[in-house]
Amino acid sequence: MSRSPHILVVDDDREIRDLVARFLTKHGYRVDTAADGRAMMQALGQGRFDLVVLDLMLPGEDGLSLCRRLRADSTLPVIMLTAIGEETDRIIGLEMGADDYLAKPFNPRELLARIKAVLRRAGAAPGHGEPAANEVFRFDGWRLDPARRELRSPDDVLVPLTGGEFDLLAAFARHPKRVLSREQLLDLTRGRAAVPFDRSIDVQLSRLRRKIEADPREPAMIKTVRGGGYIFTRDVERR
């Protein structure tokens, strides 16, 4: 029996908070709300949540700062709400570790679809199956375990990855030595098509390279293919 996922909605607009809470509750989720960062941190300290819907523009501490604080010691999935057309804010939000973003004004059904996709990747959605046969990927001494959602370095050190970073590396591990376009990577990691000027894959790839490449400025494992996308260059052993 799977428990119902618990969502924390953080937005200073009471109408939006209430609308989202009612809509998600109607679709089987447990929902708490917070109007600012202080209330958000208090809620996180008192309960267990599966995902945070976090507005970027908040009174006091803004959403970017809160996301950075959350990422310092947690991999809790975050969907950032941003103003429409503010591409820079979306990119910075992804740099801070957000798993996805949605521009305001938004359709609640689109938010629901994003929540389902992020939870599915994190393994928290109802009915989410285990990865096939507990497969584990090994490359250059690294060990990627999709069932545990763990990445261990050649020195057996656990490397913390956000949900988006983990899914991106898993997509490369499943398709080594094959050029993957941004559109293909977005479909493999998020199950949706790209929209114009969507740079989320580039941002998360940059973060991932900083964690696994010896020199992120001259990447050797994940190389850029001009006009084509990216390629994972290593031999991958699948067990």
Expressed as a whole-number percentage, the relative contact order of the chain with C-alpha contacts under 8 angstrom and at least six residues apart is 15
Quick calc: nm separation of the 7 Å Cα→Cβ label points for Arg48 and Ser153 -> 3.0
The farthest towards the positive end of the charge dipole of the chain, of the residues Ala173, Thr75, Leu161, given +1 on Cβ of Lys and Arg and -1 on Cβ of Asp and Glu, is Ala173
If one builds a Gaussian network model of the chain from Cα atoms under 10 Å apart, the most fluctuating residue listed among Asp202, Asp36, Asp215 is Asp215
Of Ala34, Ala103, Ala72, the most mobile residue in a GNM of the chain (C-alpha springs, cutoff 10 Å) is Ala72
Note to self, the chain gives a 222 nm [θ] from helices alone (DSSP H runs n ≥ 4, -39500 (n - 2.57) apiece, / all residues, nearest 500) of -12000 deg cm²/dmol
Quick calc: nm separation of the 7 Å Cα→Cβ label points for Arg109 and Asp235 -> 5.0
Ranking Tyr101, Val236, Leu44 by how far each Cα lies towards the positive end of the charge dipole of the chain (+1 on Lys and Arg Cβ, -1 on Asp and Glu Cβ), the top one is Val236
Note, Thr25: beta-carbon cut-off 11 Å, +1 each Lys/Arg, -1 each Asp/Glu, net +1
Between Lys26 and Asp187, Cβ-based FRET efficiency (R0 35 Å, step 0.05) works out to 0.75
Averaged per residue, the 1.4 Å probe accessible area of the chain, protein heavy atoms only, in Å², is roughly 51
Net charge (Lys, Arg +1; Asp, Glu -1) of residues whose beta-carbon lies under 12 Å from that of Leu158, Leu158 excluded, is +1
In debye to the nearest 20, the charge dipole size for the chain, taken about the Cα centre with +1 at each Lys and Arg Cβ and -1 at each Asp and Glu Cβ, equals 740
Carbon plus sulfur, as percent of the 1.4 Å-probe accessible area of the chain, comes to 48
The base-10 log of I(q)/I(0) that the Debye equation returns for the chain at q = 0.08 Å⁻¹, one scatterer per C-alpha, is -0.30
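The values are calculated or read from the model by the stated rules, or taken from the named source; none is laboratory data. Computed from a predicted model, the values in this text were never measured in an experiment. No Cβ is skipped: glycine too gets one built from the backbone with ideal geometry, and neighbour counts run over all protein chains shown. Each accessible area value is taken on the protein alone, full model and side chains, heavy atoms only, with ligands, DNA and RNA left out. Shrake-Rupley method; radii C 1.70, N 1.55, O 1.52, S 1.80 Å.
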